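Presented below is the structure to which this report refers.
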Amino acid sequence: MEEATIKLVNVNKHYGHGRGLVYALQDINFSAHPGELTLILGPSGSGKSTFLTIAGGLRQPSSGRVMLAGKDISKLNNKERDQLRLNRVGFVLQSYNLLPYLNVDEQFELVRKVKPNGNLTDDELTELLEELGIADLRSQYPDQLSGGQNQRVAIARALYTNPDIVLADEPTAALDSARVVVVGKELQRLADQRHKTVIVVTHDLRLKEHADRIYHINDGKLSREK
Amino acid sequence: MFLALKEIKHEKLRYSLVIGMIVLIAYLILMLLGLMQGLGNENTAAVESWGTKQVMLDKNANVSMNQSLIKKDEAQDLTKHEALVGQVPIVMKGINHGQKQSMQYFGLDDSQYLLKNKIQLVSGRKPRNDHELILDESLKEKGYRLGQQVKLNSLTTKFKVVGFAKNAKFNIAPLAIGSLNTWQALKGTGPQFVASGIWADQKVSNSRQNKLAHYDVKKFIKKLPGYTAQNTTFEFMIGFLLMISLIVIAIFLYILTMQKEAQYAVLRAQGIPAGFIVWSIIAQSVILMVSGVIVATLLAVGTSLAMPSTVPFMIIWPQTMLLDLALLIVGIVGSLLPVRMILKIDPVDALQ
Ligand SMILES: Nc1ncnc2c1ncn2[C@@H]1O[C@H](COP(=O)(O)OP(=O)(O)OP(=O)(O)O)[C@@H](O)[C@H]1O
Ligand SMILES: [Mg+2]
């Protein structure tokens, strides 16, 4: 098996203190690998988002070690963490993935403004958009797209920087079953064909059939199902 | 710049309203400035357009032309850069037409530089005897005509209007310019007094130094009755309005930014640097202010052209540009509040 691109070792995260102390993550040991779609399932308040923000370098754990794309994130400053996210990680979120006042093409143009090099070439982008079935929507604004189309553009946006790692937080929350299948298949294909490390946190059981590995998270504790 | 322009282009209605608000605020402030400058000009038009550098008055007159009287022996041997000015407030009445008019009378000597070289006639000619007058051109709009007969105060003499001059205004009143003899009659002084003061178009130093008080023209203007009080009032109003517009603009930008906080959190999570977002907010504020201020300035210019010349309104470019610049700075300062908000956004908030 290839070396892990995300690795959490004995990670704990708590919020607040005294009587308000919440253990959002407890003794997490986890690794994710290129070419695999890892699904983390859990009910509301179980610690899914906390897990993803720590794994994605947005937040520091209270204790333990987090390795992201070969770097120990506790050793990076804010700027370096911005750079790491910009260059190596693609985020697909539940909402507001796209700026409402930019059309699809301009969403990618925005990325080029801050990261001129190392992105997909024009041909690769066209190919990706075709694969996602949104190639003819390039001049549309987000409010002219359906929920499923929006999420597929968000996936393309996340992949445009050519990241090794794709992190998705509830990517299917706003979608009906047919759309869930489309988005699930796309995420699966990112792992299988584009060899990305894909982690999806969700309470949507419909995504299970697309996953290579499945974990459950409950009260901040992680357990493996598959 | 990219985000700023794209957003304004996509949200036309919203940003037209914001620009509209800036236009109204800027227009209001520019109108006040125009009135301030217009009134200021009516105070000083004659003094300044005649190139006055120095004014000599009676030592006890407290820098007031009105209170000053100059004796014959104090006005000996005038150089060609000095001229007697006999000033007195009067009421003029047209004999056949022309409304009753409060104004200032200036008695000048036709052999001295003011009447010889400085009066800017727009029609007619200069007076040739004690019974002829030049009036400020604004009186044409009040029905006064060349050749018409007028009466001054309660003097029985009839005077004839022989010329109209521009910039003939002093202390917010139009001027009637005639002879020093007429001044004596209007003022009711004896022949021992020859004028109210001596104006000079360059600094002079001579024996009069000891007998008369010499004032720099800036000080003289400052002490014109009401001039400083009026300017201070306007300056305060403009200052307060700038402060209020700062607050209004800051609040507007703050609300606009607040509505987009979630979008910015996502951008930050995606690794887009805060500096990039900050610049686009400042750029947006500059674009909004510049377009609002340009429209407001054009409106103010249009207004000044449309207004009758009796309204004291005037656009003086250096001051107007300075105010425009101040408004631009207000816009940039106003965007600092939202900038603070951007810097405090936690990218974690992008995940629910
Ligand atoms: N900033 C915070 N301060 C205090 N407690 C927090 C904070 N963020 C999360 N928590 C708590 O930590 C626990 C885990 O929260 P988290 O947001 O990770 O859950 P989640 O699984 O993403 O839930 P959901 O499915 O509702 O999004 C919850 O009990 C929550 O109340
Ligand atoms: Mg969550």
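Laboratory data are not the source of any read-out in this text; all were calculated from the coordinates shown. These figures come from a predicted structure and were not determined experimentally. All Cβ positions, glycine included, derive from the backbone under ideal geometry; neighbour counts span all protein chains shown.
Hey, which lysines would be in cross-link range of B:Lys9, C-alpha to C-alpha under 24 Å, not counting anything within fewer than 8 residues on its own chain?
Once the sequence-local lysines are set aside, what remains near B:Lys9 is A:Lys113, A:Lys115, B:Lys260.
Which whole number of Å³ per residue matches the convex hull of the alpha-carbon atoms in the stretch A:6-224?
Taking the convex hull of the Cα positions in the stretch A:6-224, it is 124 Å³ per residue.
Roughly what would the spin-label model give for B:Arg14 and A:Ser62, points 7 Å off Cα along C-beta, in nm?
With each label placed 7 Å out from Cα toward Cβ, I get 3.9 nm.
Take each complete run of DSSP H in chain B, measure how far its Cα atoms stretch along the helix's own axis, and keep only those covering 18 Å or more with mean Kyte-Doolittle hydropathy at least 0.0; list them.
On the way: long enough: B:12-49 (50 Å, 1.14); B:227-259 (48 Å, 1.52); B:274-306 (48 Å, 2.01); B:317-334 (25 Å, 1.62).
Helix filter hits for chain B: B:12-49, B:227-259, B:274-306, B:317-334.
Under a 10 Å cutoff between Cα atoms, tell me which one of B:Asn231, B:Asn181, B:Asn206 has the largest fluctuation in the Gaussian network model of chain B.
Checking each option, the largest mean-square fluctuation is seen for B:Asn206.
Give the percent of DSSP beta bridges with both residues in the protein assembly as shown that are antiparallel, rounded to the nearest 5.
Working: 52 of 80 bridges.
That works out to approximately 65 percent antiparallel.
Of B:Ile342, B:Ile25, B:Ile272, which has the largest mean-square fluctuation in a 10 Å C-alpha GNM of chain B?
Looking only at B:Ile342, B:Ile25, B:Ile272, the largest GNM fluctuation is found for B:Ile272.
Return the single residue from A:Gly90, A:Gly18, A:Gly47 with maximal mean-square fluctuation; model: Gaussian network over chain A, springs between Cα atoms under 10 Å.
Largest GNM mean-square fluctuation: A:Gly18.
Find which of A:Ala156, A:Gln60, A:Gln188 sits farthest along the positive direction of the dipole of chain A, computed with +1 on the beta-carbon of Lys and Arg, -1 on that of Asp and Glu, about the Cα centre.
Farthest towards the positive end: A:Gln60.
What is the spin-label model distance, in nm, from B:Thr157 to A:Glu109 if the labels are put 7 Å beyond Cα along the C-beta direction?
Taking the two extended label points, one gets 7.8 nm.
Put +1 on the Cβ of every Lys and Arg and -1 on every Asp and Glu Cβ in the protein assembly as shown; which of B:Thr320, B:Asn62, B:Leu175 then has its Cα farthest towards the positive end of the dipole?
B:Asn62
Treating the beta-carbon of each Lys and Arg as +1 and of each Asp and Glu as -1, no other charges, what is the dipole magnitude of the stretch A:1-125 about its Cα centre, to the nearest 20 debye?
800 debye
Return the distance in nm (one decimal) between the two label points of a simple spin-label model at A:Asp176 and B:Lys71, each offset 7 Å from Cα along Cα→Cβ.
Placing both labels 7 Å along Cα→Cβ, they lie 10.7 nm apart.
On the principal axes of its Cα set, how long, how wide and how thick is the stretch B:121-162? Give whole Å, largest value first.
For the stretch B:121-162, the Cα extents along the three principal axes come out at 28, 23, 13 Å.
Rounded to the nearest 20 Debye, what is the dipole magnitude of the stretch A:6-224 about its Cα centre when Lys and Arg each give +1 and Asp and Glu each give -1 at the C-beta?
In total the dipole reaches around 1080 debye.
About its Cα centre, how strong a charge dipole does the stretch A:103-215 have in debye, to the nearest 20, once Lys and Arg get +1 and Asp and Glu get -1 at the Cβ?
In total the dipole reaches around 320 debye.
What does a probe at B:Gln202 reach in the stretch B:43-63, counting residues whose amide N is under 16 Å from the point 7 Å along Cα→Cβ?
Those under the cut-off are B:51-55.
Measuring from centroid to centroid over Cα atoms, what is the spacing of the stretch B:89-148 and the stretch B:248-292 in Å?
60 Å
Suppose the chain between B:Thr233 and B:Leu305 were pulled fully straight at 0.36 nm per residue; how much longer would it get relative to their current alpha carbon spacing?
Taking B:Thr233 through B:Leu305 to full extension adds about 23.4 nm, to one decimal.
How high is the FRET efficiency between A:Arg206 and B:Leu337 when r is their beta carbon distance and R₀ equals 51 Å, given to the nearest 0.05? Mind dumping the intermediate values first?
Numbers: r = 44 Å, r/R0 = 0.87.
Here the calculated transfer efficiency is 0.70.
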